[in-house]
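Since the structure comes first, as structure tokens, the remarks are kept for the end.
The values are calculated or read from the model by the stated rules, or taken from the named source; none is laboratory data. Note that the coordinates shown come from a computational prediction; the quantities given were computed from them, not determined experimentally. Please note: Cβ atoms are built from the backbone with ideal geometry, for glycine as well, and neighbour counts cover all protein chains shown.
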Amino acid sequence: MRKHIVAGNWKMNKTFDEADELISNIMDKLEKTTLDRNTQVIICPPFPFLEMTSDYSDDSYFAVGAQNVSDQESGAYTGEVSAAMLESMELDYCIVGHSERRAYYHETDEIIARKVDQLLKHNLRPIVCCGEVLEERESNRQFDVVKKQITDGLFHLTAEQFADIVIAYEPVWAIGTGKTATPEQAQEMHAFIRGLIADKYGKEVADETSILYGGSCKPGNAKELFANPDVDGGLIGGASLKADDFIAIAEAF
Ligand code: 13P
């Protein structure tokens, strides 16, 4: 059975002390609640807080992920962080191809494909984001856009490699806007993505791939989103910055 995943993407938020407090609050809540045994919680803080977050995760209540990685192996790339570095910190996951990175840092599907390759080479599981902007949805091009992102970013992988991929469908018009995709819109796109994977790698691989929804996911809408057969969890932005909200979302399964 594929995993249910609730991953918190903190983006560029929190100072050191604030991060410490948030993780400690999340730990408190995780210790007191009983999550569905198939649910994996992941926390993706900014780079400077990864070590602290990993230290808290020793009891394995949650896994830890980075938000970005270099597409290069090592060397003179000032300011970059390599997959080998993340591997040496024993991290589990890394977000790749978030729409904010595509929009503000000009990441293309080719760059994303190289980042995925780096992560797999260094034993990290990529959480690969895809999703259309508002204008693309309004002109009914969302399926073409997502198909291209998945095809160009991921379909160079072997089936064995693809088994380590987590996908996050994040319609850009729903990110940080308070406007959530309806459960029907989410299900429709998730089923479409699973179909693409089945066509390329077969039904068995597709059935084992966790496909997360992201975009204004909150305690109030998580249950109805996660109730859909192809929605395997969420990639949570704003609501992951509040321990109560984040854990309430993890409890929605
Ligand atoms: P929000 O939950 O704040 O809309 O952000 C979603 C997101 O971008 C997660 O990666």
Residues of the stretch 190-229 being at positive phi and more than 17 Å from the chain's Cα centre (by Cα), in sequence order, are 202
Among the residues of the stretch 231-239, are any modelled with pLDDT of 95 or more, acidic (Asp, Glu), surrounded by fewer than 21 Cβ atoms within 10 Å (Cβ to Cβ) and more than 11 Å from the ligand (Cβ to nearest atom)?
no
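Yes or no, residue by residue, for (1) in contact (Cβ under 8 Å) with a residue 40 or more places away in the chain; (2) part of a loop (DSSP other than H, G, I, E, B):
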site: 6; (1), (2): yes, no
site: 19; (1), (2): no, no
site: 36; (1), (2): yes, yes
site: 50; (1), (2): yes, no
site: 53; (1), (2): no, no
site: 58; (1), (2): no, no
site: 75; (1), (2): no, yes
Give the number of residues within the stretch 216-253 that are among the hydrophobic types (A, V, I, L, M, F, W, C) and outside any helix (DSSP H, G or I).
7
Among the candidates 201, 213, residue that is among the aromatic types (Phe, Trp, Tyr) and within 25 Å of residue 35 (Cβ to Cβ)
213
Residue tally, condition buried (at least 24 other Cβ atoms within 10 Å of the Cβ) and away from the ligand (no atom under 13 Å from the Cβ), over the stretch 84-99:
2
Filtering the stretch 8-17 for residues that are at negative phi, in a loop (DSSP other than H, G, I, E, B) and in contact with a Leu (Cβ under 8 Å, 6 or more places away or on another chain) leaves a count of 2
Which of (1) at pLDDT 95 or above; (2) in contact with a strand residue (DSSP E or B) (Cβ under 6 Å, 6 or more places away or on another chain) does residue 38 not meet, given it meets every other one?
(1)
Given (1) under 24 Å from residue 213 (Cα atoms); (2) part of a loop (DSSP other than H, G, I, E, B), identify the lone condition not met by residue 26.
(2)
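For every residue, the table says whether it meets (1) more than 24 Å from residue 227 (Cα to Cα); (2) within 15 Å of the ligand (Cβ to nearest atom); (3) under 19 Å from the mean Cα position of the chain (by Cα).
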residue	(1), (2), (3)
2	no, no, yes
15	yes, no, no
19	yes, no, no
40	no, no, yes
53	yes, no, yes
56	yes, no, no
61	no, no, yes
64	yes, no, yes
Check on residue 7, within 16 Å of the ligand (Cβ to nearest atom), within 23 Å of residue 111 (Cβ to Cβ) and not aromatic (Phe, Trp, Tyr):
yes
Residue that is nearest to residue 132 (Cα to Cα), among those in the stretch 159-185 that are away from the ligand (no atom under 12 Å from the Cβ) and more than 18 Å from the chain's Cα centre (by Cα)
185
Set 79, 97: member being closer than 18 Å to residue 170 by Cβ and not polar (S, T, N, Q):
97
Residue 111: crowded, with 21+ Cβ neighbours inside 10 Å and away from the ligand (no atom under 16 Å from the Cβ), yes or no?
no
From the option list 227, 222, single residue qualifying as surrounded by fewer than 22 Cβ atoms within 10 Å (Cβ to Cβ), small (Gly, Ala, Ser) and at pLDDT 95 or above is 227
